[in-house]
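Notes for the one structure printed next.
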Amino acid sequence: MRIDVITLFPEIIETYVNTGIIGRALKNNLLKVNYVNLRDFSNDKHKRVDDYPYGGGPGMLIKPEPLYNAIKELKNDDTYIIYLTPKGNLLSQKKSNSFINKKHLLLIAGHYEGIDQRIIDMYVDEEISIGDYVLTGGELPCLVMLDSIVRLIPGVLGSNESIIEESHNDNLLEYPQYTRPEKFMGAEVPKILLSGNHKKIKEWRRYKSIENTIINRADLIKDNKIIEEFMKLKKTYK
Ligand code: ADE
């Protein structure tokens with residue numbers, strides 16, 4: 001997979017993708033990431049990329065020409081173009097999973113009040129928001145999305161298990177986890193985790209997952225069977 005990012009701040013993208021797990025994945029050639037500075041595609045002698053919105057209103061918009069020039073340079077027949085914007089479809093694990101088979105993603109990080117609608121109409125395949133809040137620019141949203149996709153590429157994480165077990169697969173939040181020491185400031189690790197009884201540990205984790213989901217994200221529970229299962233497990237693990 002190749003992921004390109006069009007941005008006004010390539011240094012933000014560069015630093016993040018060359019660090020940690022994604023940095024290692026790049027070194028191991030599990031994917032390619034390429035970032036371009038939108039200003040380099042401006043036709044203007046001052047490298048300007050923004051202008052006032054027609055019809056008035058606050059703020060500035062990114063002009064269509066530099067975006068067109070950048071897209072023309074980066075796009076090929078396999079390219080899927082995503083514009084990160086608060087007015088897009090909400091990003092979810094399911095959404096990220098759906099991008100994993102794309103050969104080439106081209107992400108556009110917006111700035112100011114957004115980009116000229118004609119670029120969206122002509123080139124953008126999907127508009128994505130990372131949440132119901134507004135950030136100062138699209139770099140963090142691009143990185144959030146990139147990160148959530150890249151970790152799904154086989155070989156990027158240590159073992160496949162780490163993908164399957166975590167929050168948001170299965171629509172349940174993750175269970176609590178503990179590491180050494182067994183006793184920390186008087187608080188002990190739940191005894192069941194030290195029991196060696198793997199069946200019981202699995203059941204307890206399932207119980208805690210459902211409990212966490214009920215407390216923090218009840219909206220994720222669509223099936224009443226989960227509640228019934230929880231009530232049953234509660235008799236043993238309360
Ligand atoms: N740009 C600014 N805020 C954003 C958000 N919440 N999602 C995607 N892009 C954005």
How much solvent-accessible surface does residue 134 expose, in Å² to the nearest 10, with a 1.4 Å probe and all protein chains in place? 120
Semi-axes of the stretch 167-237's equivalent ellipsoid from the Cα gyration tensor, sqrt of 5 times each eigenvalue, largest first, rounded to whole Å? 24, 14, 10
Calculated FRET efficiency for the pair residue 219/residue 117, C-beta based, R₀ 41 Å, to 0.05: 0.80
Linear extension gain, residue 183 paired with residue 95, 0.36 nm per residue minus alpha-carbon span: 27.7 nm
If you place +1 on the Cβ of every Lys and Arg, -1 on the Cβ of every Asp and Glu, and leave all else neutral, what size is the dipole of the stretch 167-237 about its Cα centre, to the nearest 20 Debye? 280
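Could you put 60, 231 in order of accessible surface area, largest first, with the 1.4 Å probe and the full protein assembly present?
231, 60
As a test of the formula, what do you get for the chain when each DSSP H run with n ≥ 4 contributes -39,500 (n - 2.57) and the sum is divided by the residue count, at 222 nm and rounded to the nearest 500 deg cm²/dmol?
Value at 222 nm, helices only, nearest 500: -11500 deg cm²/dmol.
Exposed loop sites here are chymotrypsin sites (Phe, Trp or Tyr not before Pro) in DSSP loop states with at most 16 other C-beta atoms within 10 Å. What is the longest stretch of the chain lacking them?
Looking at the chain, 55-132 is the longest stretch - no exposed chymotrypsin sites (Phe, Trp or Tyr not before Pro) with at most 16 other Cβ atoms within 10 Å.
Semi-axes, largest first, in whole Å: what does sqrt of 5 times each Cα gyration tensor eigenvalue give for the chain?
43, 20, 16
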Under 5 Å between amide H atoms, partner at least 5 residues away or on a different chain: which partners does residue 115 have, H built in plane at 1.01 Å? 62
Mean-square fluctuation maximum in Gaussian network of the chain, Cα pairs under 10 Å, restricted to 48, 180, 205, hits 180
With the full set of protein chains in place, find how many percent of the accessible area of the chain is carbon and sulfur; take the probe as 1.4 Å. 51
Explain nothing, just compute: Karplus ³J(HN,Hα) = 6.51 cos²θ - 1.76 cosθ + 1.60, θ = phi - 60°, for every residue of the stretch 224-237 in order, whole Hz, x for Gly and Pro. 4, 4, 5, 5, 4, 4, 4, 4, 5, 5, 4, 4, 8, 10
Two-decimal Rg/Rh across the stretch 1-72, once Rg and the Kirkwood Rh are taken from alpha-carbon atoms: 1.11
Whole-number accessible area per residue in Å² for the chain, which is evaluated in the context of all protein chains at 1.4 Å: 61
Relative pair counts by distance (%), Cα atoms of the stretch 102-207, 10 Å bins: 10, 27, 26, 19, 12, 5, 0
According to the square roots a ≥ b ≥ c of the eigenvalues of the Cα gyration tensor, what is the shape class of the stretch 67-129, taking rounded for a/c under 1.5, prolate for a/b larger than b/c otherwise, and oblate for the remainder? oblate
Karplus-derived HN-Hα couplings along the stretch 112-118 (A = 6.51, B = -1.76, C = 1.60, θ = phi - 60°), whole Hz, x at Gly and Pro: 6, 7, x, 10, 4, 4, 5
Give the residue from 67, 193, 17 lying farthest towards the positive end of the charge dipole for the chain; charges sit on Cβ (+1 for Lys and Arg, -1 for Asp and Glu) and the dipole is referred to the Cα centre. 193
Quick one: which of 27/87; 191/225; 72/94; 102/232 span more than 31 angstrom between C-alpha atoms? 27/87; 102/232
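The values are calculated or read from the model by the stated rules, or taken from the named source; none is laboratory data. None of the values given here were measured: they were computed from a predicted structure. Because the Cβ atoms are built from the backbone with ideal geometry, glycine has one as well, and the counts that use them run over all protein chains shown. When the accessible area is computed, the model is the full protein with side chains, heavy atoms only, and any ligands, DNA or RNA have been set aside. Shrake-Rupley method; radii C 1.70, N 1.55, O 1.52, S 1.80 Å.
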